[in-house]
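Below is one structure, written out as structure tokens; comments come after it.
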Amino acid sequence: MDDRKTVWRNPADIIRSLRPEDPVMVFAPTVLQDAARRFLEGFPGLVTYAVKSNPGEAVIQNLVAAGISGFDVASPFEIDLIGRLAPGAARHYHNPVRSQAEIELAVAAGITSWSVDSRTELDKLFAKVPTDGVEISPRFKLPVAGAAYDFGAKFGASPELAAELLRAVADRGHVASLTFHPGTQCVDPSAWETYIRTAAEIAQMAGVRPKRLNVGGGFPSWRVHGIEPDLDAIFARIGETTAEAFGTDAPALVCEPGRGLCADAFSLVTRIKAIRDGGSVFLNDGVYGGLTELPLIGNLDRLQILAPDGTPRGEPAVPRPVFGPTCDSVDRLPGEIALPEDMAEGDYLVWHGAGAYSVVTNTRFNGFGDMQHLTAMSLS
Ligand SMILES: *Cc1c(COP(=O)(O)O)cnc(C)c1O
């Protein structure tokens, strides 16, 4: 048993060797670099990483090593993080609402790409941001289709307002571009299609040819066994639709995946604290920890159940309610989860595909959430 090892074989190896009491987030850098290369080779434009989905320093470093040269940043912290870890990389400040102080800080940090979705925020940028070579991208929204939840509920101008903003940006002498975010975990390529066609209509309404079109994040990770995402089909649809909608004068494409890059490079190891009367399962992690997203977008079902010696339990057969460790009744995973009959207290549940919106949203509520971070060669 060697717990000073820095790179483990896989989650089962960690369980056998360490029998961890606290949750462990296992990172496989090779899986992350493979995902980055899939985007870089397949997406017909510039690939940037949405830092908010997982801002771990090892994540940023491995993305840079794989060739990612642009980042979507949303706060002074993220601007500084990328400035430090990826100097020279493009930073797109695509949070469309910023305080005066945040705008000043970003200008001083050298940000030259901004998004905007309202007149008031555009006026704030006009007052503080130099025009020379600086890109401003109106962000528009459509009624949601195909996403796991609605991003348009918070951000995005109507197409009519986006056209007005695009015109104003061009008149002011900025580089005028357009951006949208179709919503997270979109498995259907048609989610991008309507947005891209609308972008062409906005350009026409404004009488402005956008320099670039940022098609957002929303690229799916592998959350459900039976539905392995088909990124190539999405990339192809984005390329074809852009060529059709804009013709020969098409804007250069940019994407800003978060989940689609980082989620599948991590597995969360949780332990069963108790199986109570009636069969409900209590884990050492839950919705205030690494499983925050599950009530919002549904259970991850790429689960592996291992005994403490690392051997797999039987087929998942018994649906059980699953709770997290805190004393808050909200701390429960949606519905019931099918788990093996022979599962026992002290066993481990490994959640594959758990790298997005999990490490960064982990809290210490109720004294839980002391998550360990380990690295593995592989996750299977
Ligand atoms: C969160 C976010 C993303 C990443 O979304 P994913 O669904 O994780 O790909 C991209 N762009 C913007 C502006 C975002 O806010």
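Among the residues of the stretch 25-51 satisfying the criterion of being open to solvent by less than 20 Å² (accessible area, probe 1.4 Å) and of a type in the set (Val, Ile, Thr), which is farthest from the chain's Cα centre (by Cα)? Spell out the reasoning first.
Filtering the stretch 25-51 for residues open to solvent by less than 20 Å² (accessible area, probe 1.4 Å) gives 25-28, 32, 35-36, 39, 43, 47-51.
If we keep only those that are of a type in the set (Val, Ile, Thr) as well, we get 26, 47-48, 51.
Numbers: VAL26: 17, VAL47: 13, THR48: 12, VAL51: 8 Å.
Per the criteria, the residue is VAL26.
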Would you mind telling me which numbered condition in (1) among the β-branched types (Val, Ile, Thr); (2) more than 30 Å from GLY353 (Cα to Cα); (3) in contact with a Leu (Cβ under 9 Å, 6 or more places away or on another chain) VAL215 fails?
-> (2)
Filtered residue count, the stretch 247-286, keeping only those that are open to solvent by less than 40 Å² (accessible area, probe 1.4 Å), assigned by TED's automatic domain parsing to the domain that holds GLY217 and more than 24 Å from the chain's Cα centre (by Cα) = 3
Flag for SER115 being of a type in the set (Ser, Thr, Tyr), surrounded by 18 or more Cβ atoms within 10 Å (Cβ to Cβ), in contact (Cβ under 8 Å) with a residue 40 or more places away in the chain and within 24 Å of ALA376 (Cβ to Cβ) = no
Restricting the stretch 197-227 to residues that are within 21 Å of the chain's Cα centre (by Cα) and within 25 Å of VAL134 (Cβ to Cβ), the residue that is nearest to the ligand (Cβ to nearest atom) = GLY217
Restricting attention to the stretch 221-246, report how many residues are open to solvent by less than 30 Å² (accessible area, probe 1.4 Å) and either among the small types (Gly, Ala, Ser) or not in a helix (DSSP H, G or I) (or both).
-> 3
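Restricting to the stretch 175-185, and then to whatever is in a loop (DSSP other than H, G, I, E, B) and within 8 Å of the ligand (Cβ to nearest atom), can you tell me which residue is farthest from TRP222 (Cα to Cα)? First the steps, then the outcome.
Applying the first criterion (in a loop (DSSP other than H, G, I, E, B)) to the stretch 175-185 yields 177, 180-185.
Applying the additional criterion that residues be within 8 Å of the ligand (Cβ to nearest atom) yields 181, 183-185.
Values: HIS181: 19, GLY183: 16, THR184: 13, GLN185: 9 Å.
Among those that are in a loop (DSSP other than H, G, I, E, B) and within 8 Å of the ligand (Cβ to nearest atom), it is HIS181.
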Only one of ASP72, ASP13, ASP34, ASP80 is of a type in the set (D, E, K, R) and assigned to a strand (DSSP E or B); which?
-> ASP72
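Of a type in the set (A, V, I, L, M, F, W, C) and either touching a helix residue (DSSP H, G or I) at 6+ places or on another chain (Cβ under 7 Å) or assigned by TED's automatic domain parsing to the domain that holds VAL224 (or both): which single residue out of LEU339, LEU306, LEU349 fits that description? It would help to see each step written out before you state the result.
On the way: LEU339 fails: either touching a helix residue (DSSP H, G or I) at 6+ places or on another chain (Cβ under 7 Å) or assigned by TED's automatic domain parsing to the domain that holds VAL224 (or both); LEU349 fails: either touching a helix residue (DSSP H, G or I) at 6+ places or on another chain (Cβ under 7 Å) or assigned by TED's automatic domain parsing to the domain that holds VAL224 (or both).
Testing whether each residue is of a type in the set (A, V, I, L, M, F, W, C) and either touching a helix residue (DSSP H, G or I) at 6+ places or on another chain (Cβ under 7 Å) or assigned by TED's automatic domain parsing to the domain that holds VAL224 (or both) leaves just LEU306.
Would you call ASP22 of a type outside the set (A, V, I, L, M), assigned to a loop (DSSP other than H, G, I, E, B) and surrounded by fewer than 19 Cβ atoms within 10 Å (Cβ to Cβ)? Explain how you work it out, then say what you get.
On the way: of a type outside the set (A, V, I, L, M): yes; assigned to a loop (DSSP other than H, G, I, E, B): yes; surrounded by fewer than 19 Cβ atoms within 10 Å (Cβ to Cβ): yes.
It is true that ASP22 is of a type outside the set (A, V, I, L, M), assigned to a loop (DSSP other than H, G, I, E, B) and surrounded by fewer than 19 Cβ atoms within 10 Å (Cβ to Cβ).
Being part of a loop (DSSP other than H, G, I, E, B), open to solvent by 30 Å² or more (accessible area, probe 1.4 Å), away from the ligand (no atom under 15 Å from the Cβ) and modelled with pLDDT of 95 or more narrows it down to one residue among PRO143, PRO87; which is it? Before you say what the answer is, go through the steps one by one.
On the way: PRO143 fails: modelled with pLDDT of 95 or more.
Checking each option against the conditions leaves just PRO87.
The values are calculated or read from the model by the stated rules, or taken from the named source; none is laboratory data. Worth saying up front: this structure is predicted, and the values here are computed from it rather than measured. Reconstructed Cβ throughout: ideal geometry from the backbone, glycine too, with neighbour counts over all protein chains shown. Please note that ligands, DNA and RNA were not included when accessible areas were found on the heavy atoms of the full protein model with its side chains. Shrake-Rupley method; radii C 1.70, N 1.55, O 1.52, S 1.80 Å.
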